[in-house]
Structure formats: structure tokens, C-alpha cells
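Right, one structure below, let's go through it.
The values are calculated or read from the model by the stated rules, or taken from the named source; none is laboratory data. Just so it is clear, the structure is predicted and the values come from calculations on it, not from any experiment. Note that we place each Cβ from the backbone using ideal geometry, even for glycine, and neighbour counts take in every protein chain shown. Areas reflect the complete protein model, heavy atoms only, side chains present, ligands, DNA and RNA absent. Shrake-Rupley method; radii C 1.70, N 1.55, O 1.52, S 1.80 Å.
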Amino acid sequence: MVGEKHCLLGQKRPISRQNVATLNADEKSKYFKADEASDSPKTTSHNGNLQTESVTSTGYERLGHSFFQVPCAKLAMALLGKRLVRKIGSQRISGKIVETEGYLGHEDKAAHSYQGKRTERNEAMFMHPGTAYVYNIYGMYCCFNISSAGEGCAVLVRALEPIEGISTMHENREKSSKSQKKQKDVNMTNGPSKLCQALQITKDKCNKMDLVSSDELWLEDGDAVPSEKIVQCPRINIGYAEEWQEKPLRFYVKDNRCVSVQYKG
């Protein structure tokens, strides 16, 4: 979705934008219709670290094809609160999705598939909804996306709240980081490449995976996030996308400490 130079580990500076454009009526109808949920998300953070939740694989249903077969922006919003699960051997690692961005294919100037561009690299964006699109940036970082309904459309997963395998996530991040300083739990997966490092999501291993059938990477249902707890705002670091840089296609859970950047517009 975002260009190579823009999908980094995550940034902490606040964003301030003026005159934020909104989706027009046709775009709203085409790309998503907000669904309200009834239950509030659970917060487990404390002093920068998180308490592992007791509910594991038996507590939440795995998401099927129908969940992903919706317009891109709708999927980006629906993913909030869902659990991304990575299994390596017998080890389960998981996190709650708290931040996403939608990339709307052919007409979206920020998308890798803008103007229908289709290459070996972005082929996963054109595969059936629920396919993992993982790409490399700078030859050392990865970003994880999920294809949706719509030609060349996909959702970038920007941040997770760690749930299972937190100690393993720390080990994975320490192996990938030049710094020897142990990070707080809330800073471990608060960026698209950070979460890939923590969950060992790489292009070689995970690109084009079917997230419905894979036994290594999948999504499970989770805590419903009510619409009033969802922040909708412009995406991050896509200044090259002209008018599309102001489209409100970034979604995150309000006040969640694991979000990469809080919107200050």
C-alpha cells in the first residue's frame, strides 16, 4: 500500500492536518458503510506493559471468507478488535488489531495498484479477499496487508495490542533491533514493521497466504469496537498521493496506547 520509504517501524510524533477532506457520498457508498458494534473493547495495559488475557484459541472463532469479502474501507474498520494469530511450531503469538489503513486500488494514488498496476510484487492485492500481502521495504523491514473485495484493494495493518506470546514477541523484536534496550509492551507492535518483526511475518514466509485456510497465520474474532470508539482520519506519510493524502482512510481504536500515532487534527 504505502510506498517503500513511508512504511517504517512506526512514528511517535502527532499529526496535525487542516481542512481534512472527507469521502463524498459516492465514495462512501462504494467503499464502506460503517457498522456499529455494541460491546466496548477491553483494556489491559498498565504502566506500559500488558497483562496476557486468559482467553486463547478456544475462545474466539476463526474468521472465514465472508468476513473479508467486503469493500476495502469497511474491512479496515471491521478489522479493529480482531485478533491476528501467528503460529510457529507449537507457539501461538497473537495481538489485537488496533490500527489499519485502507488502500482502494485503481483510483487511489497511494496504493501500489494505482491505475491498475499489477506486478509480481503486488499480485496478492488482486487475489481473493483474505489473502496476505507482505512486501519488503529497504530490504530489511516488512509490512503486512490483507486483500479485500475490489480490484487491487487491500488493508494495511498498522498496529497491534499484544495478547499472547508477549515474551516471544520481545525476543523476536530484540533479534531484529539494533538496540539492546528492552521495549515496553505498548511500543513493541505499534507500527507496521514492528508488528511484522514481533510476529515473524516475512515476505518469504507469509506473502500470498490464504488467511482463511493457513495453519501458520490467520485471524480470529475478538472484542467488538463501537463506532464512537473508532477514530477515522487521513493516512500517514503519503504526501506523494496528492488529493488522496487527505482521504480519511485510516482507522484506529480511540485512546489505545498501542496505536502508532494519535491524530491531532
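Test of understanding: among 50, 63, which residue is at pLDDT 65 or above and of a type outside the set (Lys, Arg)? Working first, answer last.
Working: 50 fails: at pLDDT 65 or above.
Of the residues listed, the single one that is at pLDDT 65 or above and of a type outside the set (Lys, Arg) is 63.
For the stretch 97-139, enumerate the residues that are under 20 Å from residue 236 (Cβ atoms), out of contact with any helix residue (DSSP H, G or I) (no Cβ under 8 Å at 6 or more places or on another chain) and either of a type in the set (A, V, I, L, M) or open to solvent by less than 10 Å² (accessible area, probe 1.4 Å) (or both).
97, 98, 99, 122 - these are the residues of the stretch 97-139 that are under 20 Å from residue 236 (Cβ atoms), out of contact with any helix residue (DSSP H, G or I) (no Cβ under 8 Å at 6 or more places or on another chain) and either of a type in the set (A, V, I, L, M) or open to solvent by less than 10 Å² (accessible area, probe 1.4 Å) (or both).
Tell me which residues, restricted to the stretch 135-165, are in contact with an Asp or Glu (Cβ under 8 Å, 6 or more places away or on another chain), more than 19 Å from residue 123 (Cβ to Cβ) and at pLDDT below 95.
Passing the criteria: only 138.
Taking the stretch 195-229, which residues are polar (S, T, N, Q), open to solvent by less than 40 Å² (accessible area, probe 1.4 Å), under 19 Å from residue 161 (Cα atoms) and in contact with a strand residue (DSSP E or B) (Cβ under 7 Å, 6 or more places away or on another chain)?
none
Out of 223, 215, 255, report the one residue that is more than 20 Å from residue 84 (Cβ to Cβ) and either touching an Asp or Glu at 6+ places or on another chain (Cβ under 7 Å) or not in a helix (DSSP H, G or I) (or both).
On the way: 223 fails: more than 20 Å from residue 84 (Cβ to Cβ); 215 fails: more than 20 Å from residue 84 (Cβ to Cβ).
Step by step, each of 223, 215, 255 is checked, and only 255 is more than 20 Å from residue 84 (Cβ to Cβ) and either touching an Asp or Glu at 6+ places or on another chain (Cβ under 7 Å) or not in a helix (DSSP H, G or I) (or both).
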